[in-house]
1. Among what's in segment 172-212 and is among the β-branched types (V, I, T) and part of a helix (DSSP H, G or I), pick the residue that is farthest from P65 (Cα to Cα).
2. When you scan segment 71-97, how many residues do you find that are farther than 21 Å from K134 by Cα and under 11 Å from the mean Cα position of the chain (by Cα)?
3. Looking only at segment 194-218, how many residues end up being within 20 Å of A167 (Cα to Cα) and either of a type outside the set (S, T, Y) or free of Cβ contacts under 8 Å to residues at least 24 places away in the same chain (or both)?
4. Restricting attention to segment 139-171, which residues are loosely packed, with under 13 Cβ neighbours inside 10 Å and of a type in the set (D, E, K, R)?
5. Within segment 111-163, count every residue that is more than 19 Å from L174 (Cα to Cα) and either not in a loop (DSSP other than H, G, I, E, B) or not charged (D, E, K, R) (or both).
6. Among the residues of segment 155-171, write down those that are within 24 Å of P65 (Cβ to Cβ) and within 24 Å of the chain's Cα centre (by Cα).
7. Hey, could you check segment 99-118 for residues that are touching a residue at least 40 places away in the same chain (Cβ under 8 Å) and more than 20 Å from L155 (Cβ to Cβ) and say which is surrounded by the fewest Cβ atoms within 10 Å (Cβ to Cβ)?
8. Name the pairs: first residue in segment 41-59 and closer than 13 Å to A15 by Cβ, second residue among the small types (G, A, S), Cβ to Cβ under 6 Å, at least 6 apart or on different chains?
Amino acid sequence: MILQIETATTVCSVALAKDGQVIAYRQINQRNIHAEVITVYIDELLTAEGLTYDNLDAIAVSCGPGSYTGLRIGISTAKGLCFALDKPLIAIETLEAMAYGVINDDQIINGDMLLCPMIDARRMEVYTALFNNKGERIQSTTAEIIDENSFSELLKNTKILFFGDGADKCIAVLGNNPNAQFIPDFTNSATHLTQKAAEKFIAKDFEDVAYFEPYYLKDFVAGKKAV
């Protein structure tokens with residue numbers, strides 16, 4: 001049994017999976033609520049399924065990039081449980097989990113289509129990467145400022161499926177290209193971690209709980225409070 005945690009965006013989501021199949025999950029898409037609900041949701045899942053923390057075999061967490069605060073809350077919760085229960089920690093990059101979420105959600109994906117998950121990084125900047133329809137990485141994770149020239153060379157001959165809260169704000173500049181397609185209202189979910197979490201558990205691809213940190217991609221810059 002793997003407990004899966006996703007807090008990289010405005011969504012706070014937890015799921016239980018066994019043998020690569022989700023058996024239960026809880027989630028809410030609301031800003032600044034992660035710290036309040038994450039442990040409540042975990043307790044509710046275990047209780048509803050008649051399980052205890054001792055029944056868990058591992059903890060999987062979406063490790064970023066994404067919201068600084070959200071990532072800290074999710075990973076701190078995962079590491080705390082791993083320490084307390086002496087269970088292994090599995091880390092899955094958020095953009096990769098998003099790609100698998102689309103692949104496993106019966107979305108209509110053309111064989112030559114590329115998948116482009118996007119996480120909002122404020123203004124017109126996004127965290128993004130490219131994957132093929134098997135979830136294999138085509139382009140590494142970067143922080144990109146999106147304008148009318150973004151992905152222009154690829155979009156000449158290749159359809160790209162954009163999704164995530166970062167993609168929503170890119171429709172205005174990319175949406176006129178017939179090869180640019182969008183999934184509206186895509187939300188991150190702990191259920192998207194299931195396939196990679198199962199694979200990593202079987203391969204014993206675990207993190208060092210003591211030293212593991214979120215994948216922020218960029219340094220944190222605190223904003224100034226309005227006077």
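The values are calculated or read from the model by the stated rules, or taken from the named source; none is laboratory data. The shown structure was predicted, so the numbers you read here are calculated from the model rather than taken from an experiment. Positions of Cβ are generated from backbone atoms using ideal geometry, with glycine treated the same way; all protein chains shown enter the neighbour counts.
1. Checking each candidate, the answer is I202.
2. Counting residues in segment 71-97 that are farther than 21 Å from K134 by Cα and under 11 Å from the mean Cα position of the chain (by Cα) gives 1.
3. Residues flagged as within 20 Å of A167 (Cα to Cα) and either of a type outside the set (S, T, Y) or free of Cβ contacts under 8 Å to residues at least 24 places away in the same chain (or both) within segment 194-218 amount to 2.
4. Residues satisfying the conditions are D147, E148, E153, K156.
5. Qualifying residue count, segment 111-163: 8.
6. Matches in segment 155-171: I160, L161, F162, F163, G164, D165, G166, A167, D168, K169, C170, I171.
7. N104
8. L45/A24; E49/A24; I59/A78
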